[in-house]
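Let me begin by presenting the structure, written as structure tokens, before commenting on it.
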Amino acid sequence: MIAVEVDELEKRYGDSVALKKISFEVNRGELFGLIGPDGAGKTTLLRILATLLLADKGRATIHGYDTVREYRTIRNLVGYMPGRFSLYQDLTVEENLRFFATLFGTTVEENYGQIKDIYDQLSPFKRRRAGKLSGGMKQKLALCCALIHKPEILFLDEPTSGVDAVSRKEFWGILHRLKRQGITILVSTPYMDEAMRCDRIVLIQNGIILSIDSPAEILQRYPGPLFAVKADDIYGLLKFARELEPVELSHAFGEYLHITLKDKRAGLEQLHVLLEECRFPGLEIRRINPTIEDCFIRLMSEPELNGNRNG
């Protein structure tokens, strides 16, 4: 069954296009990721789905309810966690929870089972003001407040931004436990590695969907072999590689360059021949499996690649 349906959504801010004909569906009980850098349109999309913002064109439904005409019903079905910490910093952990429970006409005690696993980690700090919590604890409190009315769908806007790696891992563990309870989750993130934790993902850039599928399927569609290359002069190597006619795509990836060749039959030996002409000290070349970030960069580059082919 369909939990969220988005049909040709568009949104502009003046001359800036935030969303351009966005369409997709999310199944009930699915952990669905919106993956893209800052400014891709993720927050705008989630705010429209949470009935906090009107689209200029298109339509969206939550469990069949229209986000414009039936927004009151939708607000009881969804929990929304904005990217910026928006709870009351001067209230304690316990006071924030009771306040949000009251807004939805319920109590912490009535819905304690929904938040127990998360609240158990917060309980030692229940009398601490929210503004004094660590980044990870703030995110857990915000998630508790989003869950306090037992929503069927969660919209989470970059919930792990600005928290340490351990807190990120813990937070995703919580999301998977919520998914096993049957809650549908839409989560946005700029971290490409987090895409692998989702059932399906949308890769979005400049308000345009680049791809929709499971992470495994997106990786499977990466065309041809990918090579990791490094040398002592990595920037000189990057400039040199981009000027080579047989090189299709070359981009920096940490201490390495990731390179693809136009001839998909070419292997390590051919790339060695191309790069050894300039005798870069410390040259190292190996074949690797693509990551979601490699797929994203390739999808962004496709208009230019196709233009080069056609030219």
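The values are calculated or read from the model by the stated rules, or taken from the named source; none is laboratory data. Predicted model, so just to flag it, every value in this text is computed and none were measured. Cβ coordinates were reconstructed from backbone atoms using ideal geometry, including for glycine residues, and neighbour counts include every protein chain displayed.
Taken residue by residue, region 135-156 has at least one member that is among the β-branched types (Val, Ile, Thr), outside any helix (DSSP H, G or I), within 18 Å of the chain's Cα centre (by Cα) and under 28 Å from residue 1 (Cβ atoms).
Restricting region 95-125 to residues that are polar (S, T, N, Q) and surrounded by 13 or more Cβ atoms within 10 Å (Cβ to Cβ), the residue that is nearest to residue 154 (Cα to Cα) is 114.
Filtering 58, 29 for residues that are surrounded by 14 or more Cβ atoms within 10 Å (Cβ to Cβ), part of a strand (DSSP E or B) and either among the charged types (D, E, K, R) or at positive phi (or both) leaves a single hit, 58.
Consider residue 221 carefully, then state whether it is under 29 Å from the mean Cα position of the chain (by Cα) and among the charged types (D, E, K, R). Spelling it out, residue 221 is indeed under 29 Å from the mean Cα position of the chain (by Cα) and among the charged types (D, E, K, R). The condition (being over 24 Å from residue 42 (Cβ atoms), of a type outside the set (A, V, I, L, M), within 24 Å of the chain's Cα centre (by Cα) and not assigned by TED's automatic domain parsing to the domain that holds residue 188) is satisfied by just one residue among 272, 258: 258. For region 76-105, a tally of residues being part of a helix (DSSP H, G or I) and either touching a Phe, Trp or Tyr at 6+ places or on another chain (Cβ under 9 Å) or among the β-branched types (Val, Ile, Thr) (or both) returns 8. Being among the hydroxyl-bearing types (Ser, Thr, Tyr), touching a Leu at 6+ places or on another chain (Cβ under 8 Å), in contact (Cβ under 8 Å) with a residue 24 or more places away in the chain and farther than 21 Å from residue 24 by Cβ is a property that holds for residue 260. Within region 75-120, being polar (S, T, N, Q), closer than 26 Å to residue 188 by Cβ, in contact (Cβ under 8 Å) with a residue 40 or more places away in the chain and out of contact with any helix residue (DSSP H, G or I) (no Cβ under 6 Å at 6 or more places or on another chain) holds for 76, 86.
Of the residues 67, 51, 107, 73, the single one that is of a type in the set (Ser, Thr, Tyr) and touching a His at 6+ places or on another chain (Cβ under 9 Å) is 73. The residue of region 61-75 that is farthest from residue 155 (Cα to Cα), among those that are of a type in the set (Val, Ile, Thr) and part of a helix (DSSP H, G or I), is 73. Can you pull out the residues in region 68-94 that are within 23 Å of residue 112 (Cβ to Cβ), crowded, with 16+ Cβ neighbours inside 10 Å and either at pLDDT 90 or above or outside the structural domain of residue 155 (by TED's automatic domain parsing) (or both)? Across region 68-94, the qualifying residues are 75, 77, 78, 79, 80, 81, 92, 93, 94. Among 44, 51, which is the only one that is at negative phi and hydroxyl-bearing (Ser, Thr, Tyr)? Exactly one of 44, 51 is at negative phi and hydroxyl-bearing (Ser, Thr, Tyr), namely 44.
Does residue 248 qualify as being touching a Lys or Arg at 6+ places or on another chain (Cβ under 6 Å) and modelled with pLDDT of 90 or more? In short, yes. May I ask you to verify whether residue 157 is in the same structural domain as residue 73 (by TED's automatic domain parsing), within 20 Å of residue 52 (Cα to Cα) and among the acidic types (Asp, Glu)? Taking the combined requirement at face value, the residue satisfies it. The condition of being in a helix (DSSP H, G or I), assigned by TED's automatic domain parsing to the domain that holds residue 127 and within 22 Å of the chain's Cα centre (by Cα) holds for only one of 45, 9, 19, that being 45.
Would you check if residue 113 is farther than 15 Å from residue 88 by Cα, touching a Phe, Trp or Tyr at 6+ places or on another chain (Cβ under 8 Å) and in a helix (DSSP H, G or I)? Answer is no for this residue.
For residue 28, indicate whether it is basic (Lys, Arg), touching an Asp or Glu at 6+ places or on another chain (Cβ under 9 Å), over 17 Å from residue 190 (Cβ atoms) and not assigned by TED's automatic domain parsing to the domain that holds residue 297. Spelling it out, residue 28 is indeed basic (Lys, Arg), touching an Asp or Glu at 6+ places or on another chain (Cβ under 9 Å), over 17 Å from residue 190 (Cβ atoms) and not assigned by TED's automatic domain parsing to the domain that holds residue 297.
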